[in-house]
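J.: Input: one structure, supplied below.
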């Protein structure tokens, strides 16, 4: 709030006191503080809301910086920890999630940083369940990559269903094949029986002999 | 909407801000409820900076428009 010095003719004590400039400023300050308090409360509520969503979402989310140190991770991700560690933030993700002491050769987070794009690592097995890991670049306002967001989705049930479906399809195919073979065998067998039947009968009429010869010439 | 007009054209610099704040504080309730707005008419260019800075920090929304020979600063409750 800028002010200039008052000129000589403007310095009239009575009217200045009546005007109460200090009182006006004080009142305005109070309002500024109240407004600040309100905004801080809204900010805290927004933070709490987002934290709630972050922790209850059904996938593991982990945010690491360019050195692969964990900045933040949600509750679901903590269930996937390989090592039992108290202070996760600040540690390297490979230490905590993979249980190794140096970056692995194949790592979706490293690939995302190097290639500056999203990466999908299909299957990682942890604690008996199968996960799909997606990593995407985290950028600052200028578009520079400052970290990686790793999302781990539990696809164990989906894989089981896929496997069961695959087995069912294989069985169905075998079934169709068997039916086809049976049909292929039945046809000639039926013919053979048909023509061989007259062989059991007493030798006889000329028509029967010709009939038999024609039938046998088919094979 | 009750538009309270505060014509301080010709007023000296520090007084612009102080008089506007005084008027704002006097009508705080109705402006914050959205029933009124304060329209300050001033020919001081500095006021178009000092008044918006102050009232924004106090939680109001402000709009400045140039008119013929003066400025019109409209102060309402925050959106």
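The values are calculated or read from the model by the stated rules, or taken from the named source; none is laboratory data. Being a predicted model, the structure only gives us computed values, none of them experimental. Positions of Cβ are backbone-derived with ideal geometry, glycine not excepted, and every protein chain shown enters the neighbour counts.
J.: Suppose we filter region B:57-79 for residues that are within 27 Å of residue A:40 (Cβ to Cβ) and touching a strand residue (DSSP E or B) at 6+ places or on another chain (Cβ under 6 Å); how many remain? Full working, then the answer.
T.: Our first condition is that a residue be within 27 Å of residue A:40 (Cβ to Cβ); within region B:57-79, this holds for B:57-63, B:75-79.
Remaining after also requiring touching a strand residue (DSSP E or B) at 6+ places or on another chain (Cβ under 6 Å): B:60-63, B:75-76, B:78-79.
Matching residues across region B:57-79 total 8.
J.: Restricting attention to region B:16-46, report how many residues are within 8 Å of another protein chain (Cβ to nearest Cβ) and more than 9 Å from the chain's Cα centre (by Cα).
T.: So the answer is 5.
Residue by residue, here is whether (1) more than 22 Å from residue A:92 (Cα to Cα); (2) at pLDDT 90 or above holds:
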| residue | (1), (2) |
| --- | --- |
| A:105 | no, no |
| A:112 | no, no |
| A:116 | no, no |
| A:119 | no, no |
| A:125 | no, no |
| A:132 | no, no |
| A:141 | yes, yes |
| A:151 | no, yes |
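J.: Could you list all residues from region B:53-67 that are within 13 Å of chain A (Cβ to nearest Cβ) and surrounded by 15 or more Cβ atoms within 10 Å (Cβ to Cβ)?
T.: From region B:53-67, those within 13 Å of chain A (Cβ to nearest Cβ) are B:53-61; that's our starting set.
Hits for region B:53-67 are B:54, B:55, B:56, B:57, B:58, B:59, B:60.
J.: Please list, ordered by residue number, the helices (runs of 4 or more DSSP H) wholly in region A:1-88 having 1 or more residues that are over 29 Å from the mean Cα position of the chain (by Cα), over 30 Å from residue A:127 (Cα atoms) and at pLDDT below 90. Spell out the reasoning first.
T.: Working: elements: A:13-19, A:21-56, A:75-78.
Fully inside region A:1-88 and qualifying: A:13-19, A:21-56.
J.: Now for a separate question. Return only the number of the condition from (1) surrounded by fewer than 16 Cβ atoms within 10 Å (Cβ to Cβ); (2) away from chain B (no Cβ under 14 Å) that residue A:76 does not satisfy.
T.: Of everything listed in (1) surrounded by fewer than 16 Cβ atoms within 10 Å (Cβ to Cβ); (2) away from chain B (no Cβ under 14 Å), residue A:76 misses just condition (1).
J.: What is the residue count in region A:112-127 for residues that are part of a helix (DSSP H, G or I) and without any contact (Cβ under 8 Å) to a residue 40 or more places away in the chain? Please lay out each step first, then the result.
T.: Start the filter on region A:112-127 by keeping residues that are part of a helix (DSSP H, G or I), which leaves A:112-115.
Pick out the ones that are also without any contact (Cβ under 8 Å) to a residue 40 or more places away in the chain and you get A:112, A:114-115.
Looking only at that region, the number is 3.
J.: If a residue has to be crowded, with 17+ Cβ neighbours inside 10 Å and over 14 Å from the mean Cα position of the chain (by Cα) to count, how many in region A:146-163 make the cut?
T.: 2
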